[in-house]
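Heads up, the thing below is written out as structure tokens.
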């Protein structure tokens, strides 16, 4: 592995975290709406 | 519970199971991208953003094309279920667009040196996002269901017409955005291990789309069935 590899892992971690938050957040919102639809 | 309501709730359940499967797949993509895909020498770790950015773009554009197609079918058949599907697909498309529009700048900053540039691909994509935000706002502003479906179908079709421009903008204009590595006439311009991770991620994002849209469509059906029962 070359020594001058760009040190930008922080951006990658941020992107993966943001994706997880958006996808999980929407999944939870669907789950909450589904529970509400079942009980109403 | 009427049989129709039961069927709508079953659709929601199926969607949730599919979503669960998609979430497991997403976890697998994270492991595959981090542990089993080589680092790109020139871009470093930031290149791995590509494995979520490109599949999110794929899912978003697919969602918006399906909004347009179902809008055409709605205007032809006037079936409210098709309108419900278009509504569901537009919402899910916005979720994936949000992933695309946040991960893109997170890649752009270390590679281009800027979070954003008014490049043709980026600008078209942002317009598409705002167009479908407008689609959602329009649906919220019209109370009468048939009128809401008809007006929003027209906006949905216009949104779909923008999708090919987003895809070919990198060929039509001088742009900073990289050209497609997979969805192009020639062979993929990446090593096989990277193509494998990208393909797995695209399948996973497709499963997530199917899970989200099935759940959201089922929720729309439940609401519509209850509304009809109240009106009787």
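The values are calculated or read from the model by the stated rules, or taken from the named source; none is laboratory data. All figures in this text were calculated on a predicted structure; none of them were measured in a lab. Neighbour counts run over all protein chains shown; Cβ positions are idealised from the backbone, glycine included.
For this structure, a couple of remarks:
- Residue count for the range B:184-232, restricted to those that are surrounded by fewer than 16 Cβ atoms within 10 Å (Cβ to Cβ) and closer than 15 Å to residue B:18 by Cα: 1
- Condition check for residue A:2: at pLDDT below 95, touching a helix residue (DSSP H, G or I) at 6+ places or on another chain (Cβ under 7 Å), within 8 Å of another protein chain (Cβ to nearest Cβ) and farther than 17 Å from residue B:211 by Cα: no
- Some residue of the range A:14-27 being within 19 Å of residue B:213 (Cβ to Cβ) and either more than 7 Å from every other protein chain (Cβ to nearest Cβ) or surrounded by fewer than 11 Cβ atoms within 10 Å (Cβ to Cβ) (or both): yes
- If you check B:22, B:15 for being surrounded by 18 or more Cβ atoms within 10 Å (Cβ to Cβ), in contact with a helix residue (DSSP H, G or I) (Cβ under 6 Å, 6 or more places away or on another chain), within 12 Å of chain A (Cβ to nearest Cβ) and under 23 Å from residue B:228 (Cβ atoms), only one passes: B:15.
- The listed residue being surrounded by fewer than 17 Cβ atoms within 10 Å (Cβ to Cβ) and either in a helix (DSSP H, G or I) or more than 10 Å from every other protein chain (Cβ to nearest Cβ) (or both), out of B:58, B:116: B:116
- Some residue of the range B:101-113 being away from every other protein chain (no Cβ under 12 Å), touching a residue at least 24 places away in the same chain (Cβ under 8 Å) and under 17 Å from the mean Cα position of the chain (by Cα): no
- Identity of the residue in the range B:71-96, over 21 Å from residue B:227 (Cβ atoms) and within 10 Å of another protein chain (Cβ to nearest Cβ), that ends up surrounded by the most Cβ atoms within 10 Å (Cβ to Cβ): B:92
- Scan the range B:25-53 for residues that are in a helix (DSSP H, G or I) and either touching a residue at least 24 places away in the same chain (Cβ under 8 Å) or more than 7 Å from chain A (Cβ to nearest Cβ) (or both) and the total you get is 17.
- Meets criteria (free of Cβ contacts under 8 Å to residues at least 60 places away in the same chain and either assigned to a helix (DSSP H, G or I) or away from chain A (no Cβ under 14 Å) (or both)) for residue B:149: no
- Subset of the range B:38-49 (residues that are surrounded by 21 or more Cβ atoms within 10 Å (Cβ to Cβ) and touching a helix residue (DSSP H, G or I) at 6+ places or on another chain (Cβ under 7 Å)): B:46, B:48, B:49
- Of the criteria (1) touching a helix residue (DSSP H, G or I) at 6+ places or on another chain (Cβ under 7 Å); (2) surrounded by 14 or more Cβ atoms within 10 Å (Cβ to Cβ), which one residue B:179 fails: (2)
- Residues (part of a helix (DSSP H, G or I), touching a residue at least 24 places away in the same chain (Cβ under 8 Å) and more than 30 Å from residue B:30 (Cβ to Cβ)) located in the range B:61-84: B:68, B:69, B:70, B:71, B:72, B:74, B:75, B:80, B:81, B:83, B:84
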